[in-house]
Every structure is written in C-alpha cells, then in structure tokens.
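Nothing in this text is a laboratory measurement; each read-out follows from the coordinates by a stated rule. All of these numbers come straight from a predicted model, not from anything done at the bench. In this analysis, Cβ positions are derived from the backbone assuming ideal geometry, glycine residues included, and neighbour counts consider all displayed protein chains.
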Amino acid sequence: MGILPRIMLMAFLACSLTAGAQTTLDELGVPGVSRLLAMSRSAELKDIRYELNFQIPPSRVEQVTGYEAVRFHLDKLPSSGYLLLDFKGAAQGLSKLSVNGNEVKQLYKNEHIWIPREALQMGENSVAVHFTAGDGALNRNPDFLYTLLVPDRARTLFPCFDQPDLKAVFTLSLMIPTGWKAIANGGVHSMVTVGDSAMWQFWPSDRISTYLFSFAAGKFSETARVVDRRTMRFLYRETDSSKLRLSLDSVFRIEGQALAFMEQYTGILYPFRKFDFVAIPDFQFGGMEHAGAIQYQSRTLFLDSGATREQRIGRSNLLSHETAHMWFGDLVTMKWFNDVWMKEVFANYMANKISSVTLPDDNFDLKFLIGHYPAAFSIDRTAGTHPIQQQLDNLQEAGSLYGPIIYDKAPIMMRQLERLIGPKGFQAGLRDYLHEYAGGNADWDDLISKLQPYTKMKVHEWSKVWVKEAGRPRFSYRLSLAGGKISDLVVRQKGEDGSARVWPQVFDIALVYPDRVDQLTLNMNAAVVHVAAAAGKAKPQYVVFNSSGLGYGLFPVDRASLASTNQWALNGQPVARAAMYINLYENMLNGDVMTPVELLGYDLGALMRERKEELTFGLLLDQIGSIYWHFLSTQARSGMGPGLSETLWTMIDSVDAPNEKKLLFRAFTNMAGSRAAQDTLYQVWKTKQAPPGVRLTEDDYTGLATTLAVWDYPGYPKILSEQLGRIQNKDRRDRLQYLLPSLSDSAAVRDSFFMTFGSAEARRKEAWVLAALANLHHPARAGASEKYLPISLDWLADIQRTGDVFFPQSWLQASLGPYQTAEAAEVVRKFLRDHPDYNPKLRAKILQAADNLFRAEKLVAGEKPYQW
Ligand SMILES: [Zn+2]
C-alpha cells in the first residue's frame, strides 16, 4: 500500500476534509484523551501489542530515550481520516516514524501523533517510532526510578493508545546501569551486560491496560520466597535490619493470605503469570496495582516493634487492597475512568474482608466504622462533595476523580448493598461479573445486571441516590412515651442540603437501659419510618443511632447519653460508643449538641474509658487534635494548651498498652505549643529517652527535631544537623536534607523555597513537597505563611495538569488545612469569585479543603472558655 511522504500541515488537513468529518476530527484531536476519541478507537482497534525499549542513563540529567513498535488489528479504517496515537513526551524527540514498514512524515499536534488513513490497512498494522520519554511519570531518583502511569500518563512515557479499554501485551527491554535491578509486568527473560550498562529483556506481559504497564529499576535489595507454591519476588531499599527482620515474614504471609482469600472468594485463580512487588521510599500513593509488579509505599510495609495497631491494620489493608485489584481492576477493568471508583471500592471492600483473616483479633465492624466514616464525611459534609460516579469527558482530568468519596463512601455504600442482597447472593453476583468480563472491561451497569438476579430489590433504583448523587442524609427522631413505655418511635430523613431525598438503608438503633442494650434494626427505606419494634418497650435511658455502624448520614445525638452516670451501660458496645463519638463530632461541626471546647473536654474524658480499644482511642485523639488546631481560637489554644499537654503526658503513664502510650506521645508532640511542652520534647530527643513504655523510631526522632524547628526552639539548627548525622538510611537522610529550608527561622529562606514550587520540576517528589508544606504552613508559622495561599490557589490548575492523582487534593489540604482566620477564608472566597469559570472539579476540591476554614469562622466566634 502506498504512502504519501509529505508533511501534512493542519491548514491542508482542514481543507482536505469534508465539513462533517472535520468537526469529528476537531473533537477527537483535542489535547488529552477525550471520551469521543476513546470510543472511536475502541470501535476500530483490537489485539494491540507494544514492543518497548528504553535506554536509561545513570545520570538524571540525561534524557530517557526509547524505541517502540506497536502492532494492532484494524477492523475498519479510521472514519475521521486519522488514527491518533497519544504522546505527551518531548515532541522534538519523535523520529523515524514508520507505518507498515514505510516511513511517514510525522504530524504531531495536540499531544497526538496523527497517522493518516492512507498509511493504514485493514487487518494487521504496525507503527514504529523513536521517542524521548517525558520525565513526569518516571520518578527519577539518583539511583532508582519507577514509572507510575495511572490514569493517563503512559502517554507521557511512550506513544500509545492510552485508555483503559484498549488492553495490550507489552514486551519490554530496558538498558540500565550495571548493578541495578529491574522489575516489570513480565518476568525477566534475560540480562546481558554491555560495558557499564545491562540489557534486561522481559517476557511479554499479560494483557493489561496501559495504566497498569510499569517498571522499576535501580539499586534495590531483593528477597524471593515461595508462598503456597508461588514464587514472589520483593525489591526494596529499606536498610534498617530490625525493620527488615520484623517485616519481611509479615509481608509475605499477608500477601499469601490475601491471594488465597481472593481465589476462594472469587472462584478464580490468581489471573496473572507472576506476582512480584517493590517497596518504594516516599512513594506518592499507598500503592499501585501494576499486574505482576505491584508498587508499595515502603514506610507502610516496614514496621518495627513500636508499630501501633493502626499501622499494622494499615499495612494489612494496603497489601490486601493492591492484591484484590488483581481481580477488581486488573482482570476486569472499568471501560472508562468515570468508573474508576468501581475498582477502588472493591479493592477496599475486599481488603476489609481479607484483614479479618490477616488480623483475626480485630473487631471488623469497629475497624470499618473508624476506617471509613470520618474520611467519607470529611468530603461529603462539604459544599465541594460529588457523587461516587462522576462525569469525565477527557482522561486528562481523571486525577480529579480520586478521593475519600470513592475510597470510603463507596465501600460504605457497597456494605449496605451486600446487607440488602445478602452475602451469598452478593458474592455470587460478583463471581458472575468477574467470570463474564475476565480479561475485558465493564461498567457499573454491567455489574448491576449481574447482581440483580440475586435480589428482589431494584438495584438500579436503589443505587441512584448513593452512586449518582452527592451528599448524605440528615436524620431526626421523635420518641413518644405513654405509661413509662414507648408508644411510638419515628425516624425521619432528608438531604443535609434540605432536599427531600431518601437514602434507602438499613441501620441499628440501640435502646440503652441501665442493665442492657436492645438493638433494633431499622429498614429506613422512606423519608419517615415508624419503628414498630420499639413500640411497647420500656422507656430507655437514652438511644444511640447507627449503633452497629452500618448506616450513613448525620445522626442525632440523644443528650441523655452525655451524662457520665449513664455511660457505663455501653461498656460492652465498642462500636456503639465509637459511632456516638463520630455523631458528636459531626454535630459539633454544625454547631449542634456541643461546642468545640466542650467536645474537646468530653473526648479527653472519654480517653480513659477507651484505653482497651486502641482504634477508638486513636479516633478520640484525632478529634482532639483537629478541634485544637481548627476550631479553637488562638487565645483558647494558649489558654488550654498547657493543661492539655499536662493531661496527655500524665496519661502516658496511666495507660498500659505501648501503642496507646505512643498515640498519646504523638498527640502531645502535635499539640506542643507551650515552651514547657517543647522543653519536654527536647529532652526526649536529646537523651533519646522516650517516656517509659514508649518506643520511638528514627522517624519519630526526626519528627521531634522538625517539630522543635517549626517552633523556633532555641538552638534548633544544631538539633537538625545532629539529627541528620543520626540518620542511617540514605533515602531518609536525603529527605531531611531537602526539608531544611522549610524549617528555617528566616522567613526569606522559607519564602524563596516556597516560590520554587511554581515549577512542576520542583514539585516532582510529591511526598517531600507535602512534608515541606506541612512545615511552611504549620500553625506556628501561619502569620508569615498566609501570604502563600493566593499563590497556592493560582498554581492549582498547573498542579493538576502535571501532578499525580492525589496531589491536587493533598496540596490543597496541606495549604488551606492549617488556617482558621477570616482573612484566610476570604482569600479562598475571593479566588472563587475572581474565577467564575474555573474547572468545576478543582473548584470542588477547593471547597472540600476549605470546609474546616469556613466552619472555623462560625465556631470560633461563639467560643466560651474551657473550665479545667
Ligand atoms: Zn486502589
């Protein structure tokens, strides 16, 4: 077939096409990957295979170059006149484009390589091209690098069809410095040393989406083990021998248990050829589920003997989450990223189930409640909340879909659904779904159609308000009595926004008596429900809503439950108590039931009662920290601070469990606003003598040194330099070294450090940037740093364009989170006023992050001092 060897300029192109086709082409060819482009390509293309070769020089200054051949089958020639190959790397690095063996003058525009229809043929085609990879998704460090391509960054690394429903086989080879190790989706085929480089050739991968393609290379240690007859290879850079000794067994054991659970639950054997993983220092996510080559945040996997229960749960959840993705996400993938929540909800949901195997002693309901509810509410209570399923017109905006609504609200919704369908039917529906779409793609409607046969309930109807609409219900109740008995208990719900919406759900209400607790299950499938089971029961001391932690919404608090004389009745009910603390906090934020000062006092009092429930203990300390920093005035803080510090410090002695001691020590550190508290921290740091029973790690000592620095503790530069000398691990030393300017007592040094974040290059190591922001915006520095806020908002759009998926949100949280003044709130309002046409998804993120700030204005205004 003949090729037209000529440069196709856009002017020529526009006039050579008919008007109708031109519109289509204009729509398809916009930057990013539009939904239209994705749809048109998935109708034309199949059987895609990439052969990829990357040359990775040892120095980060030299660019990574590559060569690829992509082969595919065309059922029909592109109706728009061009086949677009996505590429957002260095345009000038593109060369030697050939299509089906014929050289083609390349046309590169709007982040696509435009391949003319004339160069293509029906059936088998091949495109070959040389390119220079963009650095954005390569995460290059001095002696290691790793790719992270979700959601649409494969196209920054190499030319590809970057959409989740065009799965492909990847055959990779890497030229890397000798002495480095490498890991990829396929197993290692061969390794040949050539001078000071080595050519690593990998076996073809399984068929996977582009966002799941990955490799990591560098100076790593390696351990391989056989678990249940499966060999697993683990690469890491941790050097602390005690962490290694205490963690490697657990990591392999949990991986084995997670795989066994998933195989049993789904009825499908592990669907990929190999199972390897790599731990990455300061990884920007918790983990990423690249098939056969999972990446994990190193800090979460390697724990030492001082680890809290929360950290052990965190590790088990993370390993289980990514492993569950092998089925939910990797084997069956969403058609388009608007359904990215589907893979996340099942990864989290399965992780919760798996953790009841890996950590059998835990209270599953309590873990679920504390693990998901506060996080889901943190977004769903704000003006910036969004539905679980969101609209997505272009993949370049997919990053803005991520957040607690999909990670936390969606599992809560799914648990309701499982309860309504029943666990057996729910599991059977999921199995049908995985079997039907294995190796392919599916959307929410596909899943509903698989669950529907197992229930009489109309799943589609039921899920509308949960999945396609935002927000949460607000419940109220009326308890009527006659002759010392309940004559009627009526519960109402409406949208927190005042709408007359109904979130059909099942939850429990506890009727609490001095000698017992009666749990009533309420099927709240209407706006008003009379609880028939309550009628005729004796008058309770008080009622607790959502007492088993299944329901979702803003629940009322019975004031009688707050009397300390009434509380012992809930002693055997840890979930009901935790639900009550969460309800109280949510009500406080709305100015109901308790003021922030009162709730802080109440939570402090509740700590001793919860000393046997580490998770609840942590929940209370989180609430205390949050109230202290967000919802107390500066005066109240300095008034309460010393007494609070003293209380926390004394409590370290009076609790027994080392983990609770540690949580108290952390809370003490977090709120060490007084010089006396800082003196105490300094002594701990200097002498390396933690309070009896508290185990502090190297990271904890680094944390102490940086805390002292942000408070301008006398002699802090010496503290920091001594701490640098104490750190053994190179990655952790580099991190502290990087953070030094953010800790400076010179505002000018901090200002110029902050201003560097205007460039995407300086923001590359996101975990470090966030740590720096925490120092720069620390409340101790707030006066001098408030001026960063308008700039931080100005940069947001660029941050979204260049950063990884969680970064825009974490950037906003780290920037706006620490402030509580009316001036800071006005900065946000002004920005929103000045940008009426701002990207709605980013606008929502701003409203989410500014929620505490807006509430603080009101809550602090009505403050009354605390009586010790
Ligand atoms: Zn995930």
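Which angle between 0 and 90 degrees, to the nearest 10, do you get for helix 675-687 versus the longest principal axis of the chain when only C-alpha atoms count? The angle comes out near 60 degrees. Taking 15 Å as the straight-line reach from the Cα of LYS765, the aspartates and glutamates in range (excluding those fewer than 8 positions away in the same chain) are ASP135, ASP143, ASP282, ASP731, ASP734, ASP804. Principal semi-axes of the equivalent ellipsoid, √(5λ) from the alpha carbon gyration tensor of the chain, are 46, 34, 27 Å from largest down.
In this structure, the residue pairs whose Cα-Cα separation is over 25 Å, taken from LYS662/LYS688; LYS343/LYS730; LYS76/LYS841; LYS409/LYS458; LYS353/LYS450, are LYS343/LYS730; LYS76/LYS841.
Between ARG492 and GLU62, full extension at 0.36 nm per residue minus the direct alpha carbon distance yields a gain of 148.4 nm. Taken one residue at a time, the phi angles of the range 416-421 give Karplus couplings (6.51, -1.76, 1.60, θ = phi - 60°) of 4, 4, 4, 5, 6, 7 Hz. Gly and Pro are set to x.
FRET efficiency for the pair ASP445 and SER746, taken as 1/(1 + (r/R0)^6) with r the Cβ-Cβ distance and R0 = 56 Å, rounds to 0.45.
The angle between the Cα long axis of helix 364-380 and the main principal axis of the chain comes to about 70°, on a 0 to 90 degree scale. Our coupling estimate for the range 38-55, obtained by passing each phi through the Karplus curve with A = 6.51, B = -1.76, C = 1.60 and θ = phi - 60°, is 4, 5, 5, 5, 6, 7, 9, 10, 7, 6, 8, 9, 9, 10, 10, 9, 10, 9 Hz, Gly and Pro reported as x. With Cα atoms defining each centre, the range 63-87 and the range 663-688 are spaced 59 Å apart in the structure. Listing TYR581, TYR296 from fewest to most neighbouring C-beta atoms within 10 Å gives TYR581, TYR296. With the charge dipole of the chain set up from +1 on Lys and Arg Cβ and -1 on Asp and Glu Cβ about the Cα centre, the Cα lying farthest toward the positive end among the listed residues LEU166, THR802, TYR270 is that of TYR270. Against the main long axis of the alpha-carbon atoms of the chain, helix 614-626 sits at an angle near 90°. How would the range 577-634 be classified by its alpha-carbon gyration tensor: rounded, prolate or oblate, with rounded meaning a/c under 1.5 and the a/b versus b/c comparison settling the rest? It is prolate, given that a/c is not under 1.5 and a/b is the larger ratio.
Charge dipole of the chain (Cα centre as origin; +1 on each Lys and Arg Cβ, -1 on each Asp and Glu Cβ, all else neutral): 660 debye, rounded to the nearest 20.
For the peptides 582-592, 150-160, the ranking by mean Cβ contacts within 10 Å, running from highest to lowest, is 150-160, 582-592. Classify the range 177-260 from the C-alpha gyration tensor, please: rounded if a/c falls under 1.5, else prolate or oblate depending on whether a/b exceeds b/c. The shape class here is oblate. By other beta-carbon atoms within 10 Å, ranking THR702, THR521, THR300 with the fewest at the front produces THR521, THR300, THR702. Mean residue ellipticity at 222 nm, helices only, the chain: -13000 deg cm²/dmol; runs of at least 4 DSSP H residues each add -39,500 (n - 2.57), and the sum is divided by the number of residues. The residue list ALA690, MET651, THR707 was ranked by how far each Cα lies along the charge dipole of the range 619-711 toward its positive end, using unit charges on Cβ atoms, and THR707 comes out on top. In this rough spin-label picture, where each label sits 7 Å from Cα along the Cβ direction, the LYS468-GLU863 distance is 4.5 nm. Near ARG273, the amide H atoms lying under 5 Å from its own belong to ASP206; only residues 5 or more places off or on other chains count, and H is placed 1.01 Å from N. Each peptide among 486-496, 189-199 gets the average number of other Cβ atoms lying within 10 Å of its residues, and from highest to lowest they stand as 486-496, 189-199. The string of couplings for the range 237-248 from the Karplus curve (6.51, -1.76, 1.60, θ = phi - 60°) is 10, 4, 10, 5, 5, 6, 5, 5, 4, 7, 10, 4 Hz, one whole number per residue in order, with x for Gly and Pro. Looking at the square roots a ≥ b ≥ c of the eigenvalues of the Cα gyration tensor of the range 282-370, which shape do they give, rounded for a/c under 1.5, prolate if a/b is larger than b/c, or oblate? Cα axes put the range 282-370 in the oblate bin. When the charge dipole of the chain is built from unit charges on Cβ atoms (+1 for Lys and Arg, -1 for Asp and Glu) and taken about the Cα centre, the candidate among LEU773, PHE87, PRO360 whose Cα reaches farthest toward its positive end is PRO360. Counting other Cβ atoms within 10 Å as a rough exposure proxy, the listed residues VAL593, VAL345 run VAL593, VAL345 from fewest neighbours to most. Here the alpha carbons of the range 382-460 define both size measures, Rg and Dmax, at 14.4, 40 Å. Across the chain, C-alpha contacts under 8 Å between residues 6 or more apart give a mean separation that, scaled by the residue count, equals a relative contact order of 8 percent. Name the residues whose placed amide hydrogens come within less than 5 Å of the amide hydrogen of GLY495, ignoring near sequence neighbours (fewer than 5 apart) on the same chain. Placed amide hydrogens put ARG474, ALA500, ARG501 under 5 Å from GLY495. Under the combined filter of DSSP loop state and at most 13 neighbouring Cβ atoms within 10 Å, the range 500-588 retains these trypsin sites (Lys or Arg not before Pro): ARG516. Taking amide H positions as modeled 1.01 Å from N, with prolines and chain starts lacking one, the residues under 5 Å from GLN163 and 5 or more places away or on another chain are THR210.
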